[in-house]
Amino acid sequence: MDKPNAAPILQGRNISKRFGGVQALDKVSFDLYPGEVLALAGDNGAGKSTLIKTVAGVYGADEGEVIYRGETVKFDNPSAARGAGIETIYQDLALADNLDVGANVFLGREPTRRLFGFLPSIDRRKMREESRGVLDLLDIEISPSALSKPVHSLSGGQRQAVAIGRAIFWNATVLIMDEPTAALGVPEQRKVMDLIRRLKERSVGILFISHNLSDIFEVSDRILVLRRGKAAGERKISETDSDEVVKLMVGG
Ligand SMILES: Nc1ncnc2c1ncn2[C@@H]1O[C@H](COP(=O)(O)OP(=O)(O)O)[C@@H](O)[C@H]1O
Ligand SMILES: [Mg+2]
């Protein structure tokens, strides 16, 4: 993090969430600063996905609050969070497979133009051009011909890049990534890690969930470890190592 004096862009305060008999989250708090990567680590079932879904408008918290740009917020659904600048990229991405890159970048927010001065119609050329622009901005390599093919024909890394490009195009100030590299081959994992670095440079605050501790140590500034729904410890990456993180994860 290069702006120690900035205010947090996103905060969780004592967030609790129960599913039936399972206390998935128990008074978890965190701060995320602009241009910072905060990693969430923890064993399966520790509450990582529940925490980010509570922030991103998928679940309401039972207790506690989410503070975004200094104000308490309650997002009723994921598109409300997205509209406010909080984008989430899940492992399974939520791209529309049979649409092209431009259509995916603009999904649900398509630009229109007026045909013959009166008939509103979707402006596909604008969608392609704007998508190209944002992919170039992030140094994402997708050939012009691939741009107009259905995204299911792209590689996993390119698809991940389209989802990240979409977040940037819509001016996300917070990007939440839940296991973004889990389904990718090694070269593509490297590209996603590069993209995360570029987003940092653009002052996006990133919540990064990964099973892969070496990825976490490579791109994160701080790490919050969850264990059975509770915060087990928070460390600066420069002041910890994987042994300590694993100990926090398993307890004892
Ligand atoms: N929608 C749900 N309904 C019931 N239980 C859930 C639901 N989502 C998560 N849980 C439970 O909450 C706990 C935390 O899950 P999760 O947040 O997915 O953990 P993680 O992402 O760290 O693996 C687990 O015990 C899980 O079984
Ligand atoms: Mg999870």
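Bear in mind that the values in this text are calculations on the coordinates, not laboratory data. Because the structure is a prediction, the values reported are computed rather than measured. Here Cβ is always computed from backbone atoms with ideal geometry, including for glycine, and neighbour counts include all displayed protein chains.
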Inset, instruction - Mind putting together the pair-distance distribution for the stretch 165-208? All Cα pairs, 10 Å bins, whole percent per bin, short to long. - result: 27, 57, 16
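So what's the net charge close to Val245: Lys and Arg +1, Asp and Glu -1, counting the other residues with Cβ under 15 Å from its Cβ? Present the calculation step by step, with values, prior to reporting the outcome.
Details: positive: Lys48, Arg222, Arg227, Arg235, Lys236, Lys247; negative: Asp43, Asp215, Glu218, Asp221, Glu234, Glu239, Asp241, Asp243, Glu244.
So the environment of Val245 carries a net charge of -3.
Quick check on the stretch 122-252: what does the Kirkwood estimate of hydrodynamic radius come out to from the alpha carbon pairs, in Å?
Details: mean 1/r = 0.0612 Å⁻¹.
By the Kirkwood definition, the hydrodynamic radius is 16.3 Å.
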Inset, instruction - Report the percentage of all Cα-Cα pairs in the stretch 194-233 whose separation exceeds 16 Å, rounded to a whole percent. - result: 41 percent
Inset, instruction - Using the charge dipole of the stretch 10-250 (Lys, Arg: +1 at Cβ; Asp, Glu: -1 at Cβ; taken about the Cα centre), state which of Gly21, Ala61, Val37 has its Cα farthest towards the positive end. - result: Ala61
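Let me have the relative contact order for the stretch 1-95, percent, based on Cα pairs under 8 Å that are six or more residues apart. Kindly include the intermediate steps, with their values, before the conclusion.
Details: 147 pairs, mean separation 27.2, N = 95.
The normalised contact order for the stretch 1-95 reaches 29 percent.
Defining a contact as two alpha carbons under 8 Å apart and six or more residues distant in sequence, what relative contact order in percent does the chain show?
Working: 486 pairs, mean separation 67.2, N = 252.
So the answer I get is 27 percent.
Report the charge-dipole magnitude of the chain in Debye, nearest 20, computed about the Cα centre from +1 at each Lys and Arg Cβ and -1 at each Asp and Glu Cβ.
Numbers: 34 positive and 34 negative charges, 133 e Å.
Roughly 640 debye, rounded to the nearest 20.
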Legend entry - Qualifying lysines (Cα of each under 20 Å from Cα of Lys17; at least 8 residues distant if same chain): Lys27, Lys48, Lys53, Lys74, Lys230
Inset, instruction - Report ³J(HN,Hα) in whole Hz for each residue of the stretch 50-61, in order, from the Karplus equation J = 6.51 cos²θ - 1.76 cosθ + 1.60 where θ = phi - 60°; Gly and Pro get x. - result: 4, 4, 6, 5, 5, 6, 8, x, 7, 10, x, 6
Legend entry - Spread of Cα-to-Cα distances over 10 Å intervals beginning at zero, given as percent, for the stretch 98-177: 18, 51, 24, 6, 0
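Quote the Stokes-Einstein diffusion coefficient, in whole µm² s⁻¹, for the stretch 1-146, based on the Kirkwood radius over alpha carbon pairs, a temperature of 4 °C and a viscosity of 1.567 mPa s. Don't skip to the end; give the middle numbers.
Numbers: Rh = 18.1 Å.
It comes out at roughly 72 µm²/s.
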Legend entry - Antiparallel DSSP beta bridges within the stretch 10-250, percent to nearest 5: 60 percent
Legend entry - Measure of compaction for the chain (Cα Rg per 2.2 N^0.38 Å): 1.05
Inset, instruction - Enter the Cα centre distance for the pair the stretch 159-182 and the stretch 191-248, rounded to the nearest angstrom. - result: 17 Å
Inset, instruction - Within the set of other residues whose C-beta is less than 11 Å from the C-beta of Glu188, count the net charge using Lys and Arg as +1 and Asp and Glu as -1. - result: +2
Inset, instruction - Would you tally the net charge around Asn212, using a Cβ to Cβ cut-off of less than 10 Å, leaving Asn212 out, and scoring K and R as +1, D and E as -1? - result: -3
Legend entry - Computed [θ] at 222 nm, deg cm²/dmol, the chain (DSSP H ≥ 4; -39,500 (n - 2.57); rounded to nearest 500): -9500 deg cm²/dmol
Inset, instruction - Rank the residues Leu199, Leu213 as a footprinting-exposure proxy: fewest other Cβ atoms within 10 Å of their Cβ go first. - result: Leu213, Leu199
